[in-house]
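The values are calculated or read from the model by the stated rules, or taken from the named source; none is laboratory data. Just so it is clear, the structure is predicted and the values come from calculations on it, not from any experiment. All Cβ positions, even for glycine, are placed from backbone atoms using ideal geometry, and neighbour counts span all protein chains on display. For the accessible areas, the whole protein counts, side chains as well, though only heavy atoms, and no ligand, DNA or RNA atoms are used. Shrake-Rupley method; radii C 1.70, N 1.55, O 1.52, S 1.80 Å.
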Number of protein chains: 2
Amino acid sequence: MFIIDTDVHNYWSSAEVLLPYLEPYWRDFLIRGEKPGPAGSFPHGHRPWLHPEGFSRHDIRPQTAEDNYLIMKEKHLDHYNIDVAILTADEPLEASTLANYHYANALVKAYNDYMIDWWLPKDSRFKGSIIISPTDPHGAAAEIRRLGGHKDIVQVLASHGSQRPYGDPFYHPIFEACAEVGLPFAIHFGGQGGVNHNAVASGPTTYYWETHALLSQPAMTHVVSMISNGVFEKYPDLYFVVIECGVSWVPSLMWRLDANFKALRKETPWLKMLPSEYCRRNVRFSTQPLEQPQNVKHLWETLEHMDGQNTLLFASDYPHWDFDAPTNLHIPPAWREKVMGLNALEVYKRIEAPLASARVA
Amino acid sequence: MFIIDTDVHNYWSSAEVLLPYLEPYWRDFLIRGEKPGPAGSFPHGHRPWLHPEGFSRHDIRPQTAEDNYLIMKEKHLDHYNIDVAILTADEPLEASTLANYHYANALVKAYNDYMIDWWLPKDSRFKGSIIISPTDPHGAAAEIRRLGGHKDIVQVLASHGSQRPYGDPFYHPIFEACAEVGLPFAIHFGGQGGVNHNAVASGPTTYYWETHALLSQPAMTHVVSMISNGVFEKYPDLYFVVIECGVSWVPSLMWRLDANFKALRKETPWLKMLPSEYCRRNVRFSTQPLEQPQNVKHLWETLEHMDGQNTLLFASDYPHWDFDAPTNLHIPPAWREKVMGLNALEVYKRIEAPLASARVA
């Protein structure tokens, strides 16, 4: 089975790994400026919700910087026979929460250079994401153009926490740059707090577990906003990848959206297809965390309603607390080959397709 | 078939019907103060989204104040053989958007008196909702206690737009009063803009049709917030009724919620059951607008996952643009008797059950 894991977090032991990649002005910020924790923590706006256990799996305990790779290799890549691991960073996504967008740009740029220098050469299975801070779309577009030609870069990635829904014209320079360099635009769970809009409808919730359950909502908003604002008419080949936001909410939203569009389409005359048709053509969803009803048939029926066989991409979310193991992913057996790897090949065109013989292994 | 329509909007021709019910101080506000439209319009904060067609069915055109009842009687109550119609007001729900909560309280109080005076005596099929403005929970609780004993009042009703998620302790005085007088607490689509929190996760959307599709989100937040904050442990007999927010999003949210709760329940040690068990016991959903997939079997599978046979209440939303006719409600035939009326009898205990002979008719 050919496996592309579309969400593997490449941790660092300290944000100070970025120091060599920062210009002196910003290096000073990271050394002497305020940080939301002890030395080595990454600058970000504060969230109101604190995870009661911390975000990492308790069995992943790196002692050295090198361990961040070695443990991943042993316990994840080799253990599960992962063929391709798309690195999705971790704290750098939180740069989107900073008011100082110059600093945010400098931090993600430093991360991208560090990732290309330190992570990509370590393992031929690694593919990289360009992390951007969407708070400055023109700065983000410049970063996409700076690195978009790298052969092992496969997507542009931002936090799903944002100041506005992503279809807003404010963000279109990002999609223009993605289309130009031929990369998908992906969003990943994160970026709550700071300058970003409250991530939950109707105001801040109280506990982490309830908030986490509701953090599908920003993804709903972004998918709808990208469709209604005609991003996929402007850039018909652009893939929008939604990572770590759950999946089973998609059919219900599309039913509602199609019905409303049929009644009120005069508001958006530039749309030529139903909302659900744009979703089917241009949007892909990573599986983790895959919902867990008591009866797995209920999940499968729902995934069927969104053509999950063709729209889902496997993700483990290594090494987070709610990690999904490839061996324990509850999808219909007949879909496995597509969801575990082949669907991702359609989206991430720079990843080489395996030889037929390798796929059967 | 015994039919309880849980969402019938009793329109007025002018908000000036409230003048006789307002104390002189507030009467002056409604006569001379700023209103968001011409004379007769109801005070409310502004929404950023304008419906491109207006909210009413184009075939409902009252010319006189009396027409608001006569047309409803002819085209809805008599035409569809509605046995009980729960009046849900219309613009009064928008009082929740006003910064001046004293004025908001005065307006909903005037509406409640007008409704009891003008509407309830007109037709033995009518049951009333006490409209409250949740911005002042103690004022709302006083209004619930003032009118909660009326024999034809069957629920307390607020807009689903609010300043905070409804499980927040800020709102508990409302639930205390509901429990005391023995009435369900219901929320209804509306109350966007003004002082209320943005109704959509991640910031304001752009068009009405996309926003309407996303306006299930506040309902998701409120259901989760009511459960996690232990409202149903404090008030185990309280029904929370969610009106006009769609229904097919419920299973997916509960799957996610149960999984998170199992992992992180230490945050909320006062909960004794799974989130989905509280939802099943204490929360009910009105059907309109019932989602419309191309394949109705997809909808039915989803409704099955939320035990829709026992948790759904029929609503028409008369006379709004996206009205669902009782004769055209796409639910499984075997569920009709429960969803059309019997489930509502469990929630609205003041409504008299029909004689067995009447139910067969």
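Checked against the criterion of being open to solvent by 10 Å² or more (accessible area, probe 1.4 Å), free of Cβ contacts under 8 Å to residues at least 40 places away in the same chain and within 30 Å of A:His197 (Cβ to Cβ), the candidates A:Gly37, A:Gly45 yield just one match: A:Gly37. Note on segment A:224-233: residues that are in contact with a Gly (Cβ under 7 Å, 6 or more places away or on another chain) and more than 8 Å from chain B (Cβ to nearest Cβ) amount to 2.
Of all residues in segment A:299-338, those satisfying the criterion of being within 11 Å of chain B (Cβ to nearest Cβ) and surrounded by fewer than 20 Cβ atoms within 10 Å (Cβ to Cβ) are A:Trp300, A:Glu304, A:Trp321, A:Asp322. Contact annotation: residue pairs with Cβ atoms under 7 Å, 6 or more positions apart or on different chains, pairing a residue in segment B:135-153 that is in contact (Cβ under 8 Å) with a residue 40 or more places away in the chain with a partner that is open to solvent by 10 Å² or more (accessible area, probe 1.4 Å) and of a type in the set (D, E, K, R), are B:Lys151/B:Arg350; B:Asp152/B:Lys127. Against the criterion of being crowded, with 17+ Cβ neighbours inside 10 Å and assigned to a strand (DSSP E or B), B:Ser162 does not qualify.
Among the residues of segment B:337-354, just one is under 20 Å from B:Glu301 (Cα atoms) and over 21 Å from the mean Cα position of the chain (by Cα), namely B:Glu337.
Considering B:Gly190, B:Gly194, which residue is in a loop (DSSP other than H, G, I, E, B), within 21 Å of B:Thr287 (Cβ to Cβ) and more than 10 Å from chain A (Cβ to nearest Cβ)? Talk me through it step by step, then tell me what you get.
On the way: B:Gly194 fails: within 21 Å of B:Thr287 (Cβ to Cβ).
Result of the check over B:Gly190, B:Gly194: B:Gly190.
Given segment A:282-361, what helices (runs of 4 or more DSSP H) lie entirely inside it while holding 3 or more residues that are over 24 Å from A:Lys75 (Cα atoms) and out of contact with any His (no Cβ under 7 Å at 6 or more places or on another chain)? Here the list reads A:296-305, A:308-311, A:343-347. Taking B:Val247 as the residue in question, decide whether it is surrounded by 19 or more Cβ atoms within 10 Å (Cβ to Cβ), in contact with a strand residue (DSSP E or B) (Cβ under 7 Å, 6 or more places away or on another chain), assigned to a loop (DSSP other than H, G, I, E, B) and not acidic (Asp, Glu). In short, yes.
Within segment A:197-233, the set of residues being among the hydroxyl-bearing types (Ser, Thr, Tyr), outside any helix (DSSP H, G or I) and more than 16 Å from the chain's Cα centre (by Cα) comprises A:Ser202, A:Thr205, A:Thr206, A:Tyr207.
Going by the conditions given, is A:Ile174 among the β-branched types (Val, Ile, Thr) and away from every other protein chain (no Cβ under 11 Å)? Don't jump to the end; show me each part of the working.
On the way: among the β-branched types (Val, Ile, Thr): yes; away from every other protein chain (no Cβ under 11 Å): yes.
Against the criterion (among the β-branched types (Val, Ile, Thr) and away from every other protein chain (no Cβ under 11 Å)), A:Ile174 qualifies.
Within segment B:239-248, the set of residues being over 13 Å from the mean Cα position of the chain (by Cα) and not polar (S, T, N, Q) comprises just one member, B:Val247. Between A:Ala201, A:Ala213, A:Ala259, the distinction of being within 7 Å of chain B (Cβ to nearest Cβ), small (Gly, Ala, Ser), surrounded by fewer than 24 Cβ atoms within 10 Å (Cβ to Cβ) and on the phi < 0 side of the Ramachandran plot belongs to A:Ala259 only.
Can A:Gly149 be described as at pLDDT 95 or above and either in a strand (DSSP E or B) or in contact with a Cys (Cβ under 6 Å, 6 or more places away or on another chain) (or both)? I'd like the intermediate steps shown before the answer.
Numbers: at pLDDT 95 or above: yes; either in a strand (DSSP E or B) or in contact with a Cys (Cβ under 6 Å, 6 or more places away or on another chain) (or both): no.
No.
In the set B:Thr221, B:Thr206, only one residue is facing another protein chain (nearest Cβ under 7 Å), within 29 Å of B:Asn343 (Cα to Cα) and among the hydroxyl-bearing types (Ser, Thr, Tyr); that residue is B:Thr221.
Of the numbered criteria (1) touching a strand residue (DSSP E or B) at 6+ places or on another chain (Cβ under 8 Å); (2) open to solvent by less than 10 Å² (accessible area, probe 1.4 Å); (3) part of a helix (DSSP H, G or I), the one B:Glu143 fails is (2).
Hey, does segment B:281-294 have a residue that's at pLDDT below 95, open to solvent by less than 60 Å² (accessible area, probe 1.4 Å) and small (Gly, Ala, Ser)? The answer is no; no qualifying residue exists.
For first residues located in segment A:343-361 and under 15 Å from A:Lys151 (Cβ atoms) and at pLDDT 90 or above, partners that are outside any helix (DSSP H, G or I) and of a type in the set (A, V, I, L, M) and lie 6+ apart or on another chain with Cβ distances below 8 Å form the pairs A:Tyr348/A:Ile4; A:Tyr348/A:Ile86; A:Tyr348/A:Val154; A:Arg350/A:Ile153; A:Arg350/A:Val154; A:Ile351/A:Ile4; A:Ile351/A:Val84; A:Ile351/A:Val154.
Within segment B:120-138, the set of residues being surrounded by fewer than 20 Cβ atoms within 10 Å (Cβ to Cβ), touching a Phe, Trp or Tyr at 6+ places or on another chain (Cβ under 8 Å) and in a helix (DSSP H, G or I) comprises B:Leu120, B:Lys122. The set of residues in segment B:176-198 being hydrophobic (A, V, I, L, M, F, W, C) and either surrounded by fewer than 24 Cβ atoms within 10 Å (Cβ to Cβ) or without any contact (Cβ under 8 Å) to a residue 12 or more places away in the chain (or both) consists of B:Ala179, B:Val181, B:Val195. Can you tell me which residue among A:Pro269, A:Pro236, A:Pro251 is free of Cβ contacts under 8 Å to residues at least 60 places away in the same chain, more than 12 Å from chain B (Cβ to nearest Cβ) and more than 20 Å from the chain's Cα centre (by Cα)? Result of the check over A:Pro269, A:Pro236, A:Pro251: A:Pro236. Mind checking whether some residue in segment B:62-75 is part of a loop (DSSP other than H, G, I, E, B) and without any contact (Cβ under 8 Å) to a residue 24 or more places away in the chain? Within segment B:62-75, one or more residues are part of a loop (DSSP other than H, G, I, E, B) and without any contact (Cβ under 8 Å) to a residue 24 or more places away in the chain.
Consider B:Pro173 carefully, then state whether it is closer than 22 Å to B:Ile227 by Cα, touching a residue at least 12 places away in the same chain (Cβ under 8 Å) and open to solvent by 10 Å² or more (accessible area, probe 1.4 Å).
When the stated conditions are applied, B:Pro173 passes them.
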